[in-house]
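The values are calculated or read from the model by the stated rules, or taken from the named source; none is laboratory data. Keep in mind the model is a prediction, meaning the values are calculated, not measured. So basically every Cβ, Gly included, is an ideal-geometry build from the backbone, and we count neighbours across all protein chains shown.
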Amino acid sequence: MKTDIILSGVGGQGILSIATIIGEAATRMGLTLKQAEVHGMSQRGGDVQSNLRLSDTSIASDLIPLGTADMILSLEPMEALRYLPYLGKDGWIITSSTPFKNIPNYPDEEKLMAELNAQPHVVALDVEGLAKEHQMPKSANVILLGAAASFLQILDVQTLRESVGRIFASKGEAVVETNYRAFDIGYEYVKRLNQPAL
Amino acid sequence: MENNKLLLLGDQAIALGAIHAGISGVYAYPGTPSTEITEYIQESPLAKERGVHSRWCTNEKTAMEAALGVSYVGKRALVCMKHVGMNVCADAFVNSAITGVNGGIVVVAADDPSMHSSQNEQDSRFYGKFAMIPILEPSSQQEAYDMMGYAFELSESKKLPVLMRIVTRLAHSRAAVAVRNAANETACTGRASVPTDWILLPANARQRYKEVIKVQPELIKLAEETSYNALSVTAGGTAEKGIIACGIGYNYVMENYPDGCPYPLLKIAQYPLPAEKITRLAHTCKEILVVEDGQPFVEEQLKGVLPSTYIVKGRLSGELPRTGELNPDNVKAALGIAGAQVYAAAQNVVPRPPALCNGCGHRDVYDALNRVAAGYPDAKIFGDIGCYTLGALPPFRALDSCVDMGASITMAKGAADAGLFPAIAVIGDSTFTHSGMTGLLDAVNDQSNITVIISDNLTTAMTGGQDSAGTNKFEAICLGLGVEPEHVRVVVPLPKNMEEITRIIREEIEYKGVSVIIPRRECMQTLNRKLKQKRAEKK
């Protein structure tokens, strides 16, 4: 089994922290992992992406081929759409629905969301709003990770949740607790979506 | 530490491999994608315990020369840089093959095909061939780690520096690496084994050059024998094609053949080229596809190895794109495999170029320059390499050039010599000490009519905030180079000081000679990092 994830967002949003948590969990489960990151110029507010590949056998390329990714995990809706040609037919888009507008020609928001929601497998959630609502402004990325958890079948959800704790352990008990809650909020949000309408 | 597995970037694997090979120092100037090699050594507990030198150098040339000194006294040194840094250290690098080494020297050049964070995509393997030294090109993080110890042994056994060439996708990709026990540092002998080798007077240099030529067949033999250059030939008959895959190109080939490559395949990770293995490969197939990242280094050389009628395909023939990095998709196309069905590109997506951070002092510098330049329609502003190059993009569009480290000052000088007024240079603090100081001396000696802005944010910001060699020394450097004291001006780039800054820029433009204005305010990124650290310490 293999899972290829394109992580995307805007420089400074924290996609590499998500990659670190997933990487920790994958390593703990004995999976093989390759993760290509973007450093340098584009980190200054430009579009950034990371190719994260997990497998229970070996992985050849550091980059994910077109049309094969199992997931686009994005902290920004336009950045999720940017990598659409990399998504496999059955792949999922899990993205923040909050636009990050640091350019003058950001597309029309309604059209953007319409195009995003027209994709066959998409979960768009307002992680920024949820983070504010639960007084955890710095944990939007962990909420997003929680939302992605049930789609990452190669990873055990409990192991992934524990990795959140291990990655934040050096920042103290309170930060760890907040991020556990953030993970659960994202996870529960998606679970509710999957329940049949009453 | 035995058989321990660590999750490492390619850069970090190289760093740990070098520490474990017993280096006494790393000498480097920051440059994407090479920066993380030195940073890893700076943070490594083992390197700290051993007192491995890891402070940043002023530029790649001072780095290479310091490494030569380490080698002279018998110790091992690592030198790291991005590809264009090779141009800066080329004098020392090429001559290091003539002096030869005593303690091992490994030079890591991190190439950036596709120019993710660079101004060209030159292929450093040409430098290795030019200097006639062994080149290693690892295909994976594990190989990068393993090759480090091998590289130092190779350097010492052949008495030559060794070049390791990597590309962005290896430097900045993470994978698990099995690590070994650390070797001890080599002992300091305090002297070179053959002292005259290091005195490159023509008589000595001619002798040494002959020796470098003489050792070439041995280097080729090593490339033929090493397991890093693995030839696998399919059984029976002549195959439709064979493949030569260099460095990371091997991974992209194998990505397309998960059940094993059906064609004869030669993986190359050590140069000079193993001509005999290539000839053996050619005998098993009708044509050869060369998969190499960067420029057609191997593809061109094959013409001298194989008969002229033999078909060689690659970047020159158009099977692979002539520019840009390799990826699994362009390699797939070159292998003649149909691509997967893909979603069409989305409609509502626009480019999101990088920009100067909010609150960055460079912003206020460009704001001021644009205000002043509005009054001088002929003004040209020569830029340089760093975050502030982003001043060329909207909303500022403030720069007229960006070429290489230090070129802002010297280009402004040349343009002023040729009659341009006003000729303004914008250079960052770290770039100024890297390659701007000598140009400023030229301008002073020529009494050129230029205005130099040293935009000082107290760090090497573009590469992530490394120490800058000239911090707290800029006024003294400018005065020492002969700039008149009343024309070395310091300002604080903040919106509230705009009136003062623009007035000073105007005054110095009007001064007929060399003037230097130093807008000084700390980088927002390093400032925020320090504040965060302080808050964490308080808790």
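One residue stands out in the stretch B:1-23 among those that are part of a loop (DSSP other than H, G, I, E, B) and either without any contact (Cβ under 8 Å) to a residue 12 or more places away in the chain or of a type in the set (Gly, Ala, Ser) (or both): the one that is farthest from the other protein chains (Cβ to nearest Cβ), namely B:Gly22. Taking the conditions (1) among the aromatic types (Phe, Trp, Tyr); (2) surrounded by fewer than 22 Cβ atoms within 10 Å (Cβ to Cβ); (3) touching a residue at least 12 places away in the same chain (Cβ under 8 Å) in turn, B:Phe382 satisfies each one other than (2). The number of residues in the stretch A:67-96 that are under 22 Å from B:Glu325 (Cβ atoms) and surrounded by fewer than 21 Cβ atoms within 10 Å (Cβ to Cβ) comes to 3.
Is it the case that B:Arg363 is among the basic types (Lys, Arg), in a loop (DSSP other than H, G, I, E, B), out of contact with any helix residue (DSSP H, G or I) (no Cβ under 6 Å at 6 or more places or on another chain) and surrounded by fewer than 23 Cβ atoms within 10 Å (Cβ to Cβ)? Taking the combined requirement at face value, the residue does not satisfy it.
Of all residues in the stretch B:30-56, those that are assigned by TED's automatic domain parsing to the domain that holds B:Ala187 and without any contact (Cβ under 8 Å) to a residue 24 or more places away in the chain have Cβ atoms under 9 Å from Cβ atoms of residues that are outside any helix (DSSP H, G or I) and surrounded by fewer than 16 Cβ atoms within 10 Å (Cβ to Cβ), 6 or more apart or on another chain, in B:Gln42/B:Arg55.
In summary, helices (runs of 4 or more DSSP H) completely within the stretch A:106-186 and bearing 3 or more residues that are of a type in the set (A, V, I, L, M, F, W, C) and more than 16 Å from the chain's Cα centre (by Cα) occur at A:109-117.
The sole residue among B:Ala412, B:Ala416, B:Ala423 that is without any contact (Cβ under 8 Å) to a residue 40 or more places away in the chain and of a type in the set (A, V, I, L, M) is B:Ala416. Filtering the stretch B:295-314 to residues that are of a type outside the set (D, E, K, R), farther than 18 Å from B:Ala269 by Cβ and in a helix (DSSP H, G or I) leaves only B:Gly304.
Taken over the stretch A:51-69, the criterion of being in contact with a Leu (Cβ under 8 Å, 6 or more places away or on another chain) and either of a type outside the set (S, T, N, Q) or more than 9 Å from chain B (Cβ to nearest Cβ) (or both) is satisfied by A:Leu52, A:Arg53, A:Leu54, A:Ser55, A:Asp56, A:Ile59, A:Asp62, A:Gly67, A:Ala69. Filtered by the rule that a residue be surrounded by fewer than 15 Cβ atoms within 10 Å (Cβ to Cβ) and over 18 Å from B:Ser430 (Cα atoms), the stretch B:385-403 gives B:Leu393, B:Pro394, B:Pro395, B:Arg397. Pairs meeting the criteria (first residue in the stretch B:239-259 and within 12 Å of chain A (Cβ to nearest Cβ) and among the hydrophobic types (A, V, I, L, M, F, W, C), second residue part of a helix (DSSP H, G or I) and buried (at least 24 other Cβ atoms within 10 Å of the Cβ), beta carbons under 7 Å, at least 6 apart or on different chains) are B:Ala245/B:Val253; B:Ile248/B:Arg169; B:Ile248/B:Leu170; B:Val253/B:Val331. Within the stretch B:63-76, being in contact (Cβ under 8 Å) with a residue 12 or more places away in the chain and outside any loop (DSSP other than H, G, I, E, B) holds for B:Ala63, B:Met64, B:Glu65, B:Ala66, B:Ala67, B:Leu68, B:Val70, B:Ser71, B:Tyr72. Out of contact with any helix residue (DSSP H, G or I) (no Cβ under 9 Å at 6 or more places or on another chain), away from chain A (no Cβ under 14 Å), crowded, with 23+ Cβ neighbours inside 10 Å and not in a loop (DSSP other than H, G, I, E, B): is that true of B:Val26 in this structure? Answer is no for this residue. Scanning the stretch A:1-50 for residues that are assigned to a strand (DSSP E or B), at the interface with chain B (Cβ under 8 Å from one of its Cβ atoms) and of a type in the set (S, T, N, Q) returns A:Thr32, A:Gln35.
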